[in-house]
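The block underneath contains the structure these notes are about, expressed in C-alpha cells.
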Amino acid sequence: MSAPGYPDSYNQPPYPMPQQGGQSVAPYPVSQGGYGDPGQAPPPGFNMGYNQGPPPVMYQPGPVVTAPGPEYGGPPQAISPAPVPGQAAAPVGVPPGLEYLTQIDQILIHQKVELLEAFIGFETNNQYEIKNSLGQKIYKAKEKNDCCTRNCCGSLRSFDMKIKDTLDREVIRLVRPFRCVSCWCPCCLQEMEVQAPPGTTIGYVKQLWHPFLPRFSIQGANKESLLVLEGPCFACNCCGDVNFELKGKDGGKPIGRISKQWSGLLKEVFTDTDNFGIQFPLDLDVKMKAVLMGACFLIDFMFFEKVGEANQRSSVFS
C-alpha cells in the first residue's frame, strides 16, 4: 500500500481531500494574496499585506560596538560623569598644572592693592592675579618673604614666589636670590630661577650686561640661551606703556613682548600696583611661557617696585 501522493511541484494544485458526499475540496483556500510563486523574487519591501505604511528607511550600516553590560543579577551600573577640566591626561612634556598655557598666546598680570602698604608705606608681600585675555583668572601668585627683608632690602630683596592654579595647587615656584643693583657690577647681575613643578628647574631669567639697555636672557634648564628680552633705555611709563621686546637668541624681529601698562595717574603716583601684559607665540614651548612669567615679575621688582620714596629704578644705572 502506497503512501498518499503529494504534489511533486509547487505549481500543482494541492492534494484533494475527500469529503462526505463524494466531493473533494482543497485543504485551504488559494487567494491572490498568498505566498505566491517561490521561484520569483518577493516584491520590494516584502509586503505581505500587513505593512500599510511607507516603506522603511534604510541607513548606512556601521560597525557594531558592544559595551560590556552589568553582570546578570548584579546591581545596575552608574553613569560615568563628564570629564572635569584639569583631570585629563597631560600632554607629553608639559609640567602638571601648565596645560592651559598651551592654548593661549597672551597673559595679563594684575598686582593686587595692599591697603596697609598704600596708607602707611609698610611693605607687604606682593600678590598678583594672572588672567587670560578675557579677564578670567587662571593663576594667582604670592611672594613669600619676611618683614625685615622686605623693608630693608627694598626692591632688591630675595624671595620665593608661589604660583597656584584655581584649585589652589602650587604649579610654579620662582626663586630670586639677592643680587647687585647696577650694571656697573657685571659679575653679579639680576637673575631668577623658575621651577615647575616646585623642585624641578625648567629655566632661568638672567640679566645681560649692557651699557644702557635692560636686557635679559631667557634660558632653559641647562642654562642655554633661547630667547632675549630687550627693554627701553628709560623704563618710565609717563602716561604710556613700557615694552620689553621678545626676540630670538640672535636678535632679529620681535616675536612677543612684556608690557608694563599704564594704570592711571592716581595708581601710578600713590601705589606700586602694576599691570602687565605678556605676548608670545602660541606654539612656544610651554616651559618658556612659564619662564617669561618669571621674567615679568623680575622686571616688576627691578624697575617698577617702590618701597618708601626712592626705591623705584628707571634705568640700569639707578
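A few notes on this one:
- Residue list for the stretch 208-254, restricted to those being part of a strand (DSSP E or B) and within 20 Å of Cys188 (Cα to Cα): Leu208, Arg215, Phe216, Ser217, Ile218, Gln219, Ser225, Val228, Leu229, Glu230
- The numbered conditions (1) acidic (Asp, Glu); (2) crowded, with 17+ Cβ neighbours inside 10 Å; (3) modelled with pLDDT under 95 are all true for Asp241 except (2).
- Boolean, Ser217 is modelled with pLDDT under 95 and open to solvent by less than 50 Å² (accessible area, probe 1.4 Å): no
- Being modelled with pLDDT under 95, among the hydrophobic types (A, V, I, L, M, F, W, C) and within 21 Å of Pro96 (Cβ to Cβ) holds for only one residue in Leu156, Leu174, Leu167, Leu134, and it is Leu167.
- Of note, Leu227 satisfies the criterion of being in contact (Cβ under 8 Å) with a residue 40 or more places away in the chain and either surrounded by 15 or more Cβ atoms within 10 Å (Cβ to Cβ) or within 25 Å of the chain's Cα centre (by Cα) (or both).
- Residue ID - modelled with the lowest pLDDT, chosen from residues in the stretch 81-107 that are open to solvent by 40 Å² or more (accessible area, probe 1.4 Å) and within 19 Å of Lys162 (Cβ to Cβ): Gly86
The values are calculated or read from the model by the stated rules, or taken from the named source; none is laboratory data. Keep in mind that this is a model prediction, so the values were computed, not measured. Cβ: placed from backbone, ideal geometry, glycine included. Neighbour counts: every protein chain shown. Quick note on the areas: whole protein, heavy atoms, side chains included, nothing else; ligands and nucleic acids left out. Shrake-Rupley method; radii C 1.70, N 1.55, O 1.52, S 1.80 Å.
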